[in-house]
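Notes for the one structure printed next.
Every read-out reported here was derived from the displayed coordinates using simple, explicitly stated rules and does not represent laboratory data. Quick caveat, the model's predicted, so the values are computed rather than measured. Counting neighbours? That spans all protein chains shown, and the Cβs are built from the backbone with ideal geometry, glycine included.
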Amino acid sequence: MITLSSKERRALEKKAHNIQPVVIVGGAGVSEGIIQMTDASLKAHELIKIKFNEYKDEIQELTSELCRKCDATLVRIIGFTAILFRPKEEEKEE
């Protein structure tokens with residue numbers, strides 16, 4: 001997990017403004033499938049939104065768990081939507 005400055009955080013928030021949520025947390029909570037989907041989405045896009053339709057009282061804890069398991073950084077939680085960031089891994093040349 002990387003640490004973002006407030007300037008970097010604002011820039012990522014601005015970039016995420018027009019992005020639609022790619023992961024939706026529903027009745028099953030943060031299951032293994034949600035973790036895998038989040039990881040794959042971060043790998044493909046770097047910056048994603050996660051919408052919480054359920055567990056709205058636990059959004060902070062569940063987002064922290066997702067960040068920890070996916071090695072991502074929380075940019076911001078706005079309402080019931082979390083913005084996560086993980087820089088793309090550099091492709092190794094062989």
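Only residues that are free of Cβ contacts under 8 Å to residues at least 24 places away in the same chain, farther than 15 Å from Lys88 by Cβ and hydrophobic (A, V, I, L, M, F, W, C) were counted in segment 35-55, giving 1.
For segment 1-34, a residue qualifies if it is free of Cβ contacts under 8 Å to residues at least 24 places away in the same chain, part of a loop (DSSP other than H, G, I, E, B) and more than 14 Å from the chain's Cα centre (by Cα), and the qualifying residues are Ser5, Asn18, Ala28, Ser31. State whether one or more residues within segment 40-54 are on the phi > 0 side of the Ramachandran plot and in contact with a helix residue (DSSP H, G or I) (Cβ under 7 Å, 6 or more places away or on another chain). No, segment 40-54 contains no residue that is on the phi > 0 side of the Ramachandran plot and in contact with a helix residue (DSSP H, G or I) (Cβ under 7 Å, 6 or more places away or on another chain). Filtered by the rule that a residue be assigned to a strand (DSSP E or B), closer than 17 Å to Ile59 by Cα and aliphatic (A, V, I, L, M), segment 35-49 gives a lone residue, Ile48.
Taken as a whole, the structure places Glu61 among residues that are loosely packed, with under 12 Cβ neighbours inside 10 Å and either touching a Gly at 6+ places or on another chain (Cβ under 6 Å) or assigned to a helix (DSSP H, G or I) (or both).
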